[in-house]
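Have a look at the structure below, then the notes.
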Amino acid sequence: MTSPLQAILITGTSHVGKSTLAERLAARLGWNGLSTDTLGRHPGRPWLAIPPEVAEFYERLSPETIHWFLKVHHENMWRQVRPMIEAERDAGRPFVLEGAALRPEYVAPLLSDQMFGVLLHAEDEVLRNRMHAASDYGQRGSVERRLIDAFVDRSLRENAALCASAREVGLRVVDTTDERAVTGLIDELVERATG
C-alpha cells in the first residue's frame, strides 16, 4: 500500500497560473500553501512602481542575458527552497509549494508517492495576453512598453525552457488553459491525498 500524498510542487513561468492552482489545492485539501516568492525575487514585473535598477536591468541587458540571469537566480534560490521542502516534509506538515524556482530538473529527483510535481504551461500568445492585461500594456508609453516587452520575452523563453526540461526529466505538464485538465489534476491529487 502506498503512502498518501503529502506535498505538491507546482512550477511554471510568470502568469501561467501557479498561484491560482496552489490556492485551489490548498483550500480543497486544507494544507499549508507556500510560495518561493517569499524567499526572494528576480527583478520582477516592470510595472506598478518600477525601481530604477529594475528598469536598467530590462533596458540594458540582452534577452539571452536576462534569461540566463533568471536561471542563475533559480539555482541560487534552490539552496533555500530545498531545505524548506525538507523541513516541511520532515515536520509532517502537508503542503502545496508553488514558484518558478521549482525548476523541473530540481523537482524531479524529489518526487515519490508522497511528493508530486507538475509544470504548468500555456501557449505563448495566452501568456503574452495575460501579461499585457496585468500590466495595462495598452495604456503605457513606449519606454514602459519596452520594459514590459523584455519581461514578456524572458517569460516566454522560460516557458519553453521549462517545458523542454520537464520532457527531459519526465515531469508532468498541464496546460492551464484546459480547465478540464486542471480540474482533473485537482481531483486526482485530492484523491491521492485523502485516498
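Each reported figure results from applying straightforward, stated rules to the coordinates on display, with no laboratory input. Remember, predicted model here, so these are calculated numbers, not experimental data. FYI the Cβ positions are ideal-geometry reconstructions off the backbone, even for glycines, and counts take in every protein chain you see.
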Task: Listed candidates (1) 18.4, 67; (2) 17.8, 55; (3) 17.1, 60 - label of the one calculated as Rg and Dmax of the Cα atoms in Å - done: (3)
Open item on the list: Give me the Å³ per residue figure for the convex hull around the C-alpha atoms of the range 58-170.
Closed with: 118 Å³
TODO: Please identify which residues in the range 123-146 have an amide N closer than 16 Å to a label point set 7 Å out from the Cα of residue 173, following the Cα→Cβ vector.
DONE: 123-127
- [ ] Using the charge dipole of the range 102-195 (Lys, Arg: +1 at Cβ; Asp, Glu: -1 at Cβ; taken about the Cα centre), state which of 108, 160, 150 has its Cα farthest towards the positive end.
- [x] 150
Task: Fraction in percent of alpha-carbon pairs per bin - 10 Å, the range 38-105 - done: 17, 41, 27, 13, 2
Task: Inter-probe distance in nm under a simple model that places probes 7 Å from Cα toward Cβ, at residue 59 and residue 124 - done: 2.7 nm
Task: Summed residue charge, Cβ within 14 Å of residue 184's Cβ, Lys/Arg positive, Asp/Glu negative - done: -1
